[in-house]
Amino acid sequence: MGYAISSDVDQVIGKLPVASGVLRQGFLDSAEATIHTYFIGIYDVPVEVKSSVATTISGVTYNILNTVQKNLAGGNLLLSLTTSTENESVHDYGKYLVEGATNTLKDIKTQVLILPGATLDTNPSDDVARPSQVQYSAPDGTDTAKDAGSYFNRPFEQVANKSDEVTGGIDL
């Protein structure tokens, strides 16, 4: 369930010729996945506005999500077709679309922008871990104040594999 369709991307990129082998749906799917990663812990995904909510409220949320997805997809499509030296104006437009959509997602993430009628995520157990975000200190860290006794808060000497330890140097 996306928030935008191929014809929405066509509105963004205009009459720019795109090779027939380039599938807009892949860019739409990628944009939708990006949107959902920003919403982890804030909104249930995919975002669905209950039908009991007034049409104008659901329309606002739909328009925000539609704009973000089509701009991310269209911008990334344009960036994939050009390099900054090939066609600078097209490349800059693609970059502008992606940056604008990303800024909107950041505003939603920090709750500067609220999605009216969207269901809040109240179940943290279904959230996907963010592998790029360090949750705890490194295994060789000495910070024991937080989560004392956990694997990640013990000195390296306590977790190191002693059987693989190199002793006595290397003979050359």
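The values are calculated or read from the model by the stated rules, or taken from the named source; none is laboratory data. Just so it is clear, the model here is predicted, and its values are computed rather than measured. Cβ: placed from backbone, ideal geometry, glycine included. Neighbour counts: every protein chain shown.
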Per-region count, the stretch 19-63, residues at pLDDT below 75, surrounded by 12 or more Cβ atoms within 10 Å (Cβ to Cβ) and out of contact with any Phe, Trp or Tyr (no Cβ under 8 Å at 6 or more places or on another chain): 3
Residue list for the stretch 76-118, filter: surrounded by 14 or more Cβ atoms within 10 Å (Cβ to Cβ) and of a type in the set (Ser, Thr, Tyr): THR82, TYR93, THR102, THR104
Condition met for PRO131 (modelled with pLDDT under 90, part of a loop (DSSP other than H, G, I, E, B) and surrounded by 13 or more Cβ atoms within 10 Å (Cβ to Cβ)): no
Cross-chain or 6+ apart pairs with Cβ under 8 Å, the stretch 86-113 first and part of a loop (DSSP other than H, G, I, E, B), then polar (S, T, N, Q): LEU113/THR104
